[in-house]
Amino acid sequence: MTLLHRSSRRYLTRHPWLMGLSVLGVAIGVAVVVAIDLANTSASRAFELSAETVTGAATHQVVGAGGALDDDVYRRLRAAGLRPSAPIVEGYGSLRRGDRTFQVVGIDPLADAPFRPYLGTGAGSDLDLGTFMTDDTALLSARTAEALGLASGDTLRVDIEGTTHAVVLSGLISPQNERTRRAVANLLVVDVSTAQRLFDQAGTLSRIDLLAPAEGSAQRAYLDRVREVLPDGAQLRRSDTRTETVAQMTKAFDLNLTALSLLALIVGAFLIYNTMTFSVVQRRALIGRLRALGVTRGEVFRLVLGEAAVLGVVGSGLGLLLGVVLASGLVQLLAQTINDLYFVVEVSELSISAWTLAKGALLGVGTTLAAALPPAQEATAASVSTVLRRSTRETTLRRRAPGWAGVGLLVAGAGSLLLLVTEQSIWAGYGALFCVLVGTAFMIPWAVVGLSNGVRPLLGRVAGVIGRMAARGVVTNLSRTGVAIAALTIAIAATVGVGVMIDSFRGTVTNWLEQSLQADVYVQPPSLVFRRSTATIDSTVARRLRNVEGVKGAYSVRRVTVQADVGRTDLVAVEPGPETADVYQLKAGSPESAWPAVRAGPSVLVSEPYSYRYDVGVGDTLRLQTDRGQQAFAIKGVYYDYGSDLGVTLMSRSTYEQYYDDRGVSGLAFAAADTTSVDALIADMRTSVAGLQDVLIRSNRALRETSMRVFDRTFTITTVLRLLAIAVAFIGVLTALMALALERRREMGVLRATGMTPPQVGGYLTLQSSLMGAIAGILSLPLGYVLAYVLVFVINKRSFGWTLQLTVPSDVLVQSLVLAVVAAFLAGLYPTWRMARSSPALALQDE
Amino acid sequence: MPDASSPLVHLDALTKTYREGDQERAVLQDVSLRLERGDFSVLMGRSGAGKSTLLNLISGIDSPTAGRVRIGDTDLTDKSETERTRFRRSHVGFVFQSFNLISTLTVGENVRLPLELAGAAPRATKDRAQALLDRVGLADRADQFPDRLSGGEQQRVAVARALAHEPLLVLADEPTGNLDYDTGQAVLTLLSDLVTDTDTTLLVATHDPEVLPRADRVLHLHGGTLHEEVPEYITSGT
């Protein structure tokens, strides 16, 4: 190690608190990014793994128009000699024991071996096929069975769409390799006929798996033969399209979480910039001496960057560890949100990818180095003569502050232009947001000077000379205070922005629910995916409920997933009643013409997110795969819907029944007779279906409350990320104040020597840090509002296609102001305490 | 290495101006000077006369507005900042008024630093530093940090550091300015002994008249121009 490096290392170790806090700042920033990435990756890996496992070796699949396929199609394929082929019936169920969600897969053990050999149903298997195919029996992974304390012969209780079924564990699956062992951990394998009973879909299959020859003319010929056999409505597709669709579903959601996680890193970058600038400023004289002794500018530059690299590497290393710990907590939150919004996924373990860790480390070190570039550049400009004091620099900085503010305005303006360049890109939206943040950071020193000078007379009146000194101190140490205030401003503004966005979203959803929930009682089977329930109400249950006394009217809803020319589409079939036009408020199209058209024939409405996602609107035609073949439906209107960001297509029940063979019902809405109390009606309904399928019977109010609870739950991760960004900003302010304390030891020594008591010094510094917090709080409000505006009208619109109403609740603003002052006050306590108790003699001593 | 017959320091019509607002102020005007190898010269002048500026120009820290600076065979005027820095670290030693030791290096490491910058092997730097510290009477303080030393001791370390890499030229800017009389004299004695032993050229900028009796040449900076006076002890033959 050269003497220069040794000198550098000693500088770092002589300031353990400052360096430690900087490392922590980087670590938290990296940890948040890594944790979100790991959680996202784990959830999608878990899904991919289970999808791949269930898909097995299949290259293609035959699926039905409305998700179900007549099992006669399978017989036709076999008769045409198209083998190997295997029927599948699949869905989700919860095992009472262990309260775990399983993917229930129904297979034909005689045909399945070429596709999923690891299930052990092929030749040489010791599975009792007779029992497996005739009785309600199931196979479970050996590892899962062991974890749940189950053995062959045990009876399992499986809840499926509100009905509890008993199946006997007839065998255990023990695949050869670890990857498959993990993949089958959440599988419950049953015979295809058993699955049809469990899911109440006699005579239908979920799909048929095929094994086509490798690419080329043989494959084309094979696929042509398959198509010849298929009836109208059945569709042939590649087996990997399913995973792709799922990745598409959560793309915007993942992106938004990633962007939010980067916020903590941006705030962390300010912290590093602050620390490195401090280290350079504090060593200006020392660097000047080194330069006088012949150390070149390049060597000084590399030295400072080297120090930053050390902080970056240590911080990132720590961040990776913290990230893994944080991810194990976040992954369940994330899985819950995905289950609420998109699809069923059971994430039993964190999948730690080397790529995620490498990205996190690279991002941490890269951000640190980027943040250290300006201070390193500044270090090279250190005058060789050793008489230049920092005050010269502070004066220069104050003089340049208006210029920087101008640059900031340009950067923020460039961000706004970015929004005009493209109307769809989410990245451009975040790019604009980033420009606004950075632009504002440039404007902050100028604003700090203005606000501090403005408040100086007031503080003078309140706290005398100490008050005036406190205000002046913020300006005279602008190179330190400016960056700390900027970091805090950005973190608090992000809190305001995200808070206002969530509140606006919440307000919009509340209004929408009030508008759209007009019936008195709602019934639906329990579903593992809250917002996209496709579970079916048992026909007996539906019939009994309709006949309960006190029911004035009943309207059914069917939700299925169908194939459209634009991809997989959630289709809702409703029975239009007198209030339907009020329930579905149209954004485009006229209610007078849209509803009669929807009632009459092949016409649909699409939800706002659907219209945005697929760029379709009134006058366009949607091609849906139906049981009668592909059919064109005219889009007659676009309606507001905040239930699913994936988008929904809506048609009348009569049109649905005309094109689809399915007669199931996913939900029922009931209007109570005028003389009947809703509570009494609910009680009667529960009695009427007791012992049958366990359906959820809820009042209008209860459903609204449940919806809002789920809504709040889906924003839990967002809240966690906001708090972490504030934690980093808090460390930023603490670091800045510690740096100031160290740097101003001499000034404090002089004050103490001239008669200022320790409490007075403490008061002076506390006032100053609180003032910094107040300035950050004030500056964060307009910035937060701008961020909220961009989040509500740009990011949300571009991510999900929603129109939200911006509401700015005063409590969010007040909370943010208080948060800023309290954060700065708390961060100032330790440095203040240290400075107030330090000996003036020591402080005045030359080094 | 420079030609022994040519002057070690050759300043030719040096001018240095600074811009102050709209005005230009000349700190040095048309300054020419030749210093021979082994010369002990003193540069006198009031505060603000431009002594430090002249030292900065000679060492290559700063570059002149007009004129040329030649040290030995090297013309610094046309060199880049990096080239001047590399020249300085090989051929120039510095002693400052406020010692300017590197607080994050030990006493021994401070002395080794110029050697290491000049590319010497670590073992050699250690031996050389130890020998020099021995010479300035601080051999037992090599492992201590500068803040443990008195002002006089720190300046002795600075002298050792200035001579560690055997420079052609040592520049001292008010080397006794922060020291009491006795300590200042001791440091001067040490400095002059060391440069005499090594035949190093020494230029001391000071307004301390106590330095004059030791000097071969006395230079005065006044109003941006340089005048030379022959020391009295030379004219008197003492």
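The values are calculated or read from the model by the stated rules, or taken from the named source; none is laboratory data. All values reported here derive from a predicted model rather than from experimental measurement. Positions of Cβ are generated from backbone atoms using ideal geometry, with glycine treated the same way; all protein chains shown enter the neighbour counts.
Table for the structure above
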{"read-out": "Residue within region B:155-172 that is surrounded by fewer than 21 Cβ atoms within 10 Å (Cβ to Cβ) and within 13 Å of chain A (Cβ to nearest Cβ) present", "value": "no"}
{"read-out": "Which listed residue, of B:Leu188, B:Leu163, is assigned to a helix (DSSP H, G or I) and under 24 Å from B:Gly48 (Cα atoms)", "value": "B:Leu188"}
{"read-out": "Any chance A:Ser261 is farther than 30 Å from A:Leu3 by Cβ and either modelled with pLDDT under 75 or buried (at least 20 other Cβ atoms within 10 Å of the Cβ) (or both)", "value": "yes"}
{"read-out": "Hits in region B:90-129 - residues which are surrounded by fewer than 24 Cβ atoms within 10 Å (Cβ to Cβ), under 23 Å from B:Arg148 (Cα atoms) and basic (Lys, Arg)", "value": "B:Lys126, B:Arg128"}
{"read-out": "Test result for A:Arg532, under 24 Å from A:Ala702 (Cβ atoms), modelled with pLDDT of 85 or more and of a type in the set (D, E, K, R)", "value": "no"}
{"read-out": "Residues that are within 32 Å of the chain's Cα centre (by Cα) and either among the aromatic types (Phe, Trp, Tyr) or at positive phi (or both), drawn from region A:602-636", "value": "A:Tyr610, A:Tyr612, A:Tyr614, A:Asp615"}
{"read-out": "Among the residues listed as A:Ala788, A:Ala753, A:Ala736, A:Ala776, the single one being surrounded by 21 or more Cβ atoms within 10 Å (Cβ to Cβ), at pLDDT below 75 and of a type outside the set (D, E, K, R)", "value": "A:Ala736"}
{"read-out": "Residue in region B:28-37 that is within 14 Å of another protein chain (Cβ to nearest Cβ) and surrounded by 17 or more Cβ atoms within 10 Å (Cβ to Cβ) present", "value": "no"}
{"read-out": "Strands (runs of 3 or more DSSP E) enclosed by region A:575-642 - at least 3 residues per element that are without any contact (Cβ under 8 Å) to a residue 60 or more places away in the chain and within 19 Å of A:Gln563 (Cα to Cα)", "value": "A:603-607, A:621-626, A:629-639"}
{"read-out": "Test: residue in region A:108-131 that is within 27 Å of A:Thr540 (Cα to Cα) and not polar (S, T, N, Q)", "value": "no"}
{"read-out": "Scan of region A:191-216 for residues that are of a type in the set (Val, Ile, Thr) and more than 24 Å from A:Asp240 (Cα to Cα), ordered by number", "value": "A:Thr194"}
{"read-out": "The listed residue being charged (D, E, K, R), closer than 20 Å to A:Leu350 by Cβ and out of contact with any His (no Cβ under 7 Å at 6 or more places or on another chain), out of A:Arg157, A:Arg181", "value": "A:Arg181"}
{"read-out": "Verdict on A:Thr561 being among the β-branched types (Val, Ile, Thr), surrounded by fewer than 19 Cβ atoms within 10 Å (Cβ to Cβ) and without any contact (Cβ under 8 Å) to a residue 24 or more places away in the chain", "value": "no"}
{"read-out": "Cβ-Cβ under 6 Å pairs, at least 6 apart or on other chains, region B:76-88 side without any contact (Cβ under 8 Å) to a residue 24 or more places away in the chain, far side hydrophobic (A, V, I, L, M, F, W, C)", "value": "B:Leu76/B:Val69; B:Thr77/B:Val69"}
{"read-out": "Options A:Gly366, A:Gly403, A:Gly408, A:Gly413; residue that is buried (at least 20 other Cβ atoms within 10 Å of the Cβ), away from chain B (no Cβ under 14 Å) and at pLDDT 80 or above", "value": "A:Gly408"}
{"read-out": "Exclusive hit being within 14 Å of chain B (Cβ to nearest Cβ), modelled with pLDDT under 85 and part of a loop (DSSP other than H, G, I, E, B), set A:Gly233, A:Gly288, A:Gly294", "value": "A:Gly294"}
{"read-out": "Those residues of region A:203-218 which are more than 13 Å from A:Ala58 (Cα to Cα) and without any contact (Cβ under 8 Å) to a residue 60 or more places away in the chain, in sequence order", "value": "A:Glu215, A:Gly216, A:Ser217, A:Ala218"}
{"read-out": "Helices (runs of 4 or more DSSP H) wholly inside region B:45-150 containing at least 2 residues that are within 23 Å of B:Thr200 (Cβ to Cβ), modelled with pLDDT of 90 or more and within 14 Å of chain A (Cβ to nearest Cβ)", "value": "B:51-59, B:107-117, B:122-135"}
{"read-out": "In region A:173-202, residue surrounded by the fewest Cβ atoms within 10 Å (Cβ to Cβ) [restricted to those that are part of a strand (DSSP E or B) and in contact (Cβ under 8 Å) with a residue 60 or more places away in the chain]", "value": "A:Leu187"}
{"read-out": "Selected residue (criterion: modelled with the lowest pLDDT) from residues of region B:173-185 that are part of a loop (DSSP other than H, G, I, E, B) and buried (at least 19 other Cβ atoms within 10 Å of the Cβ)", "value": "B:Leu179"}
{"read-out": "Criterion: closer than 25 Å to A:Gly20 by Cβ, crowded, with 24+ Cβ neighbours inside 10 Å and over 25 Å from the mean Cα position of the chain (by Cα) - qualifying residue of A:Ala292, A:Ala308, A:Ala327, A:Ala285", "value": "A:Ala308"}
{"read-out": "Positions within region A:145-172 being touching a Lys or Arg at 6+ places or on another chain (Cβ under 8 Å) and surrounded by 21 or more Cβ atoms within 10 Å (Cβ to Cβ), in sequence order", "value": "A:Leu156, A:Val158"}
